[in-house]
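Trainee: Structure incoming, see below.
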Amino acid sequence: MHQLFREGMQVERFDGMRGQILGMHELFLIVLWENYQLGEYHLCDDIPPYYFYPIDNEI
């Protein structure tokens, strides 16, 4: 699952909240959500399937 994400990528959470991945280190990633909250997630333990997913901004 960690291969889906990269730094700078836009993501959307299950509830419609959007954010951007600020950083990644091994299996941890940090997301800045549009409400200015930071989220720190462990890809194997903290994120249930489909909790958030990449937004394809490329045309």
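Rule-based calculations on the coordinates, nothing more; no lab input. All figures in this text were calculated on a predicted structure; none of them were measured in a lab. FYI the Cβ positions are ideal-geometry reconstructions off the backbone, even for glycines, and counts take in every protein chain you see.
Trainee: At 7 Å along the Cα-to-beta-carbon direction for both Tyr51 and Trp33, put a label point, then send me their distance in nm to one decimal.
Mentor: Between Tyr51 and Trp33, the label points sit 1.2 nm apart.
Trainee: Can you compute the equivalent ellipsoid semi-axes for the stretch 2-54, i.e. the square root of 5 times each eigenvalue of the Cα gyration tensor, sorted largest first and rounded to whole Å?
Mentor: Here the semi-axes work out to 15, 13, 10 Å.
Trainee: Where Lys and Arg each count +1 and Asp and Glu each count -1, what net charge lies around Gly23 among other residues with Cβ under 14 Å from its Cβ?
Mentor: Net charge around Gly23: -2.
Trainee: With a point put 7 Å past each Cα toward its Cβ, work out how far Leu43 is from Glu12 in nm, to one decimal.
Mentor: 2.2 nm
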